[in-house]
Amino acid sequence: MVVKKFVQSTLSKFGYRLTKTPLFSVKEYDGVNKESIERKLFFNVGAGAFSHPYWTNIDHYSNAYKSVQTKFLQYDLMSCTDLPIEPETAECFYSSHTVEHVSDDAVRNLFLQAHKALRRGGVIRITTPDIELNYSAYLSRDKNFYYFTEMHSKAGSFEHKFKIPYNQFSIQQLFLHQIAGQLSVNDIREGGSGIKLSDSEIDEILNSNPLHDACNEFTKLCKFDNRQTDNHINWFSYNKLELMLKDAGFKTCYKSGFGQSHFAYLRNVSYFDNTHPKISLYVEGIK
């Protein structure tokens, strides 16, 4: 029990929860080409420690993965290069809370590469923080929306990142940290652009621009830095994701929800959609 509590506490710092994972049902993959299962042509981008016998992980090695034993296909999203996957062979691409850590160009390239690799009728599913929900919390001064602040405020869990505990951030800094964390005056780490924004500066940008324009003002001040790969440097709404997916060639796009999908295997929440579902946006695109 003590070990379980320690593991749960460690995972919770990164937004994950420890659950007893039941064996998946093969019925979830009824109708799927057997060759796709045998060749593991289901791809989880930014997968971390994800493990499933039918799936191939895609990720970029960093210090954050020193303890991760799961094998993955090495790929740097920020390189904007081709994915090493045969065209029109993949069944599915899934990516959870990854796209907000890279640039728009990297996300556009990922969607183009996924569309190229997917067979006709294949799906891409993206989950990421929902900027509309984040903005609503900012407007209503709803600090309870950021329910995970306590996880990052215990002694020993924040001092290397923040000058004050996360649960003491102002509503402005909480909002900013979800889309451009390196710009927060409370982030004390080296790297990034070196620019820091005060509460009044955040208010000024948000009050002077439509939401999406304001968010772009924030993110264009960021500089991707491998020393801060856990920081968010991007934002997404349904409209932004839909536009990017359609530009990549996906004809059918729709807003989904936690544990909801047109594809049975993506409804298994023991494997999917289990990172911060309370604040997340879920979108699918079909080739």
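The values are calculated or read from the model by the stated rules, or taken from the named source; none is laboratory data. Keep in mind it's a predicted model, so treat the numbers as computed, not measured. Note that we place each Cβ from the backbone using ideal geometry, even for glycine, and neighbour counts take in every protein chain shown.
Counting the residues of the stretch 167-189 that are among the acidic types (Asp, Glu) and touching a residue at least 60 places away in the same chain (Cβ under 8 Å) gives 0.
When restricted to residues that are among the aliphatic types (A, V, I, L, M) and farther than 19 Å from residue 102 by Cα, the stretch 189-231 contains 5. Give me the residue from the stretch 185-215 that is small (Gly, Ala, Ser) and surrounded by 14 or more Cβ atoms within 10 Å (Cβ to Cβ) and, out of that set, farthest from residue 229 (Cα to Cα). Among residues in the stretch 185-215 that are small (Gly, Ala, Ser) and surrounded by 14 or more Cβ atoms within 10 Å (Cβ to Cβ), the one farthest from residue 229 (Cα to Cα) is 214.
Looking at the stretch 133-150, can you tell me whether even one residue there is at pLDDT 95 or above, out of contact with any helix residue (DSSP H, G or I) (no Cβ under 9 Å at 6 or more places or on another chain) and assigned to a loop (DSSP other than H, G, I, E, B)? Within the stretch 133-150, none of the residues are at pLDDT 95 or above, out of contact with any helix residue (DSSP H, G or I) (no Cβ under 9 Å at 6 or more places or on another chain) and assigned to a loop (DSSP other than H, G, I, E, B). Any residue at all in the stretch 85-96 that is surrounded by fewer than 16 Cβ atoms within 10 Å (Cβ to Cβ) and modelled with pLDDT under 95? No: zero hits. Checking each residue of the stretch 56-63 against the condition of being at pLDDT below 85, within 28 Å of residue 148 (Cα to Cα), in the same structural domain as residue 262 (by TED's automatic domain parsing) and in a loop (DSSP other than H, G, I, E, B) gives at least one match. Scanning the stretch 105-132 for residues that are in a helix (DSSP H, G or I) and buried (at least 21 other Cβ atoms within 10 Å of the Cβ) yields a total of 8.
Filtering 143, 154, 163 for residues that are among the basic types (Lys, Arg) and within 25 Å of residue 258 (Cβ to Cβ) leaves a single hit, 143. On the stretch given as the stretch 144-166, residues that are surrounded by 15 or more Cβ atoms within 10 Å (Cβ to Cβ), under 22 Å from the mean Cα position of the chain (by Cα) and touching a residue at least 12 places away in the same chain (Cβ under 8 Å) total 11.
For the criterion of being closer than 21 Å to residue 109 by Cβ and touching a strand residue (DSSP E or B) at 6+ places or on another chain (Cβ under 7 Å), residue 266 fails. Would you confirm, using the coordinates I've provided, whether residue 193 is assigned by TED's automatic domain parsing to the domain that holds residue 142 and touching a Lys or Arg at 6+ places or on another chain (Cβ under 6 Å)? Taking the combined requirement at face value, the residue satisfies it.
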